[in-house]
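For reference, the structure is listed below as structure tokens.
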Amino acid sequence: MAMSVAPVESMTSLNTDLFYDILRRLDGPSLATAACACAAFCSISKEESIWENVCSSMWPSTNREDVKNLISSIGGFRKFYADCFPLILSKEVTHYQWNNYLEYPEDWTEAEYYGVINDFEIISPSDFVSIVDIRYKDKTICSKILWGIPNANGFNGWFYNCPFQIDLLTSAARDDDHDGEVTLSASDGLPPIISMDRERKDGMLWRELRDGLQLSWIVVNRKIKLAANLASWCPLGGQRHWPTDKDFVIRFGSVLPAKDILPFQVVQCILIMKFRVIHTEEEGLHTTLKFTEVSMQLEDMDGACVNGRNSLLILKEALSCRRSKNHSEVLESCHMYSKVQSELKEERMRNESRLDRLCIFSGIAAFITFWYYIL
């Protein structure tokens, strides 16, 4: 018995609920593409509930009720996704040369370099919120929210003149009901490690961490209603078996603009993730890693930590700087920064070496001249 199917004359003849059910299953880029297909898709894709699903899937920390209220207060989930999915891209680093840096800092007064207290009447540490999600092999293993910047009370406090750093695990644990301990084990997809001696030889655990970890560190400013993702999603580098055989360090980050804030014009936002092996198969237990640190700090081209005062200015500027949906382009920018930083370091060492030789030759010449006249 033949079955007949009624032809669909137009997209509008289909049920709107069916469209909604289809679109809510898409990720952000696919949803944005589908919105361009027809007027019906475009209309439905503007609904906040759909973008709330997208953000919830990508950043599980946005499921919290207080975070939902925060996102609604700064413009909604659609705007939040548009701000945080593209990563910060800074191409200015390729234009900087060593000679541009050599004497430029000397032109800055102390007030210009360290900032003026009045600048902070509109920048309060309590306005910043950190929304952090850590994934391993596409599985969320940690979500943390940090309201404000720890230890930043008072304009004349030590925070503004000391190196800027946020230790997420220590600070967020104060507001959580549990002790803040985060682990990674076989249940999360971690490969079994027979012993640390074996790991030192084949490096299997190190490769798995480097290839499987992803980090998102979103910073929101509640006052100016802007947000940005300061992480690179994929690791930029790291170090294994440091400082002990059981410790691993993974580094993420981004390059942030610092024009008119610091002489070097750009800084690197360094996001550090540290692990320690607490169990191996050799002990009769499943391989387990414990997070010992998840932190953020800003460093200039010299490798010096940026102080709290300038860090607040840089974070504020980062919320409105250029971004890119091409994450490979962002990674390339970060690697270019490291390359230029290494070249500057080598150039400085060569200059210091030439200066040392000049001092030695001058000393020898003075010694010879002295004895020439004496004799």
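The values are calculated or read from the model by the stated rules, or taken from the named source; none is laboratory data. The structure presented is a predicted model; accordingly, all values stated were derived computationally and were not measured. Glycine gets a Cβ as well: all are built from the backbone with ideal geometry, and neighbour counts include every protein chain shown. Accessible surface is based on the protein model in full, side chains and every heavy atom, while ligands, DNA and RNA are left aside. Shrake-Rupley method; radii C 1.70, N 1.55, O 1.52, S 1.80 Å.
What the table below lists for this structure:
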{"item": "FRET efficiency, residue 348 to residue 259 (Cβ-Cβ, R0 22 Å, nearest 0.05)", "result": "0.45"}
{"item": "Listed residue (217, 192, 286) projecting farthest to the positive dipole end of the range 162-320, Cβ model", "result": "217"}
{"item": "Karplus-derived HN-Hα couplings along the range 352-368 (A = 6.51, B = -1.76, C = 1.60, θ = phi - 60°), whole Hz, x at Gly and Pro", "result": "5, 5, 5, 5, 4, 5, 4, 5, 5, 5, 5, x, 5, 4, 5, 5, 5"}
{"item": "FRET efficiency, 1/(1 + (r/R0)^6) with R0 56 Å, evaluated for residue 362 and residue 327 via beta carbons", "result": "0.60"}
{"item": "FRET efficiency estimate (nearest 0.05) - Cβ-Cβ, residue 73 to residue 247, R0 35 angstrom", "result": "0.30"}
{"item": "Average accessible area per residue (Å²) across the range 302-369 - probe 1.4 Å, nucleic acids and ligands excluded", "result": "60 Å²"}
{"item": "Long-range HN-HN contacts of residue 226 with modeled amide H, under 5 Å", "result": "221"}
{"item": "For residue 287, distant residues with modelled amide H under 5 Å away", "result": "186, 193, 281"}
